[in-house]
Amino acid sequence: MLLGALVFGGFAGLPLAQEDLPPQADGPAFLPWQEDVVPADGDSAGQSSRETPFDPARLALMPELRVGIVMDPAAGDFGRAAPFREVLEAGLRIPVLLIAYRNLSHLQRAVVSGEVHYAPLSASAYAAAQGECTCLEPLVAPRQDNGETGWYAIALARAGEGINRPADIAGRRIATGPREAVGSRLVQLAGLSAQGVDLEGKTAAASLVAHDDPLSAALALVRGDADVAFVWSSLQGAAEAGYSRGTLRDLIERGVDVSGLEIIWSSGLIAGAPHVVRRDVSQEIRSEITTIMTGQGSAQAASGTGFVAVGAEHYAPVLAAFPPDAGATRGRLRPLRGGD
């Protein structure tokens with residue numbers, strides 16, 4: 001579904017935090033929901049906001065829920081998002097207003113500022129925003145078609161070369177994804193640092209070489225141009241097939257022999273793109289959103305594969321890469337395809 005492709009996809013592309021983006025076009029970053037639209041298929045069976053029996057007690061808690069989504073305001077194709085809005089509104093029994101934003105960066109800033117209460121973000125957009133405001137709580141994340149619920153940042157090395165554990169990485173040639181790549185650089189650096197392996201400090205002897213993408217980093221390892229590669233994997237499915245998704249799978253699909261490669265470090269599981277809510281939304285409303293989004297109705301209206309409940313602990317490796325005191329510019333994010 002269009003809405004799923006825009007804001008609910010959890011694994012189509014792992015995110016990149018980027019410092020420098022082209023200037024945004026002039027004009028508003030968002031466009032409010034238009035009340036007279038109907039679902040794209042013309043089905044009028046779903047309740048509209050005028051037909052939903054609102055709950056006075058819920059309205060006393062929250063007169064409306066503002067939900068941000070990434071959609072081109074110029075297209076104005078809110079009709080395709082109608083089923084998602086209707087599911088939320090019918091379950092919460094309060095008015096739900098959809099607001100479209102031109103890109104993930106605009107949406108991220110909107111939820112941090114309180115312009116919207118609820119937003120589907122990437123894992124890194126959530127982590128960067130949380131580092132800035134400590135005001136967000138992840139509620140749900142989409143499932144993959146095969147039922148998988150997350151991915152791992154990993155470090156690869158060639159077998160038999162004395163690189164068997166994280167401490168052995170120090171002083172080695174390390175191929176990574178782009179400098180701001182989350183799944184093939186930032187998570188590994190933060191995770192290894194927490195284990196006492198500092199690869200960025202002034203005294204570090206490691207040589208970090210950024211590549212265009214994790215596949216290029218892995219190929220540098222295979223060629224012998226690097227001793228270690230920072231990449232990503234689902235770590236689910238058959239190991240001999242490179243698992244179900246990730247860089248090892250990409251290598252095998254290109255005919256590369258990976259039998260001599262070993263995983264020498266792995267992050268914890270990182271869940272898919274989270275739907276986050278501001279913590280100043282009442283606990284009753286937050287709990288009800290989780291119940292609604294993990295129900296069958298939301299799967300039909302939004303993702304097709306359904307959602308699973310998540311919490312901050314499911315994003316700990318990414319949160320560690322965006323600490324509140326990092327001092328980095330926030331909000332410069334764009335989604336990438338192809339595993340990073």
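Worth pointing out:
- All Cα pairs of the stretch 112-170, percent lying beyond 14 Å: 70
- Taking the 1.4 Å solvent-accessible surface of the stretch 90-242 as the whole, the part contributed by carbon and sulfur is 44%.
- Computed E for ASN146/ASP225 - FRET, C-beta separation, R0 41 angstrom, nearest 0.05: 0.75
- Cα gyration tensor, the stretch 247-323 - rounded (a/c under 1.5), prolate or oblate: oblate
- Extension gain (nm, one decimal) between ALA170 and GLU253, 0.36 nm per residue minus Cα-Cα: 26.8 nm
- Solvent exposure of ASP280, expressed as accessible area, is near 110 Å², computed with a probe of 1.4 Å over the protein chains only.
- Over the stretch 140-200, volume per residue of the alpha carbon convex hull, in Å³: 133
- Within the shell of other residues whose beta carbon sits under 14 angstrom from the beta carbon of GLY224, the net charge comes to 0, with Lys and Arg scored +1 and Asp and Glu -1.
- Per-peptide average of other Cβ atoms within 10 Å, ordering 139-148, 101-110 highest first: 101-110, 139-148
- Taking all protein chains as they are arranged and a probe of 1.4 Å, the heavy atoms of GLU313 leave approximately 130 Å² accessible to solvent.
- Cα gyration tensor category, rounded, prolate or oblate, for the stretch 148-286 with a/c compared to 1.5: oblate
The values are calculated or read from the model by the stated rules, or taken from the named source; none is laboratory data. Quantities reported herein were computed from a predicted structural model and do not represent experimental measurements. Every residue, glycine as well, gets a Cβ built from its backbone with ideal geometry; the counts of neighbours run over all protein chains shown. Note: areas computed on protein heavy atoms with side chains; ligands, DNA, RNA excluded. Shrake-Rupley method; radii C 1.70, N 1.55, O 1.52, S 1.80 Å.
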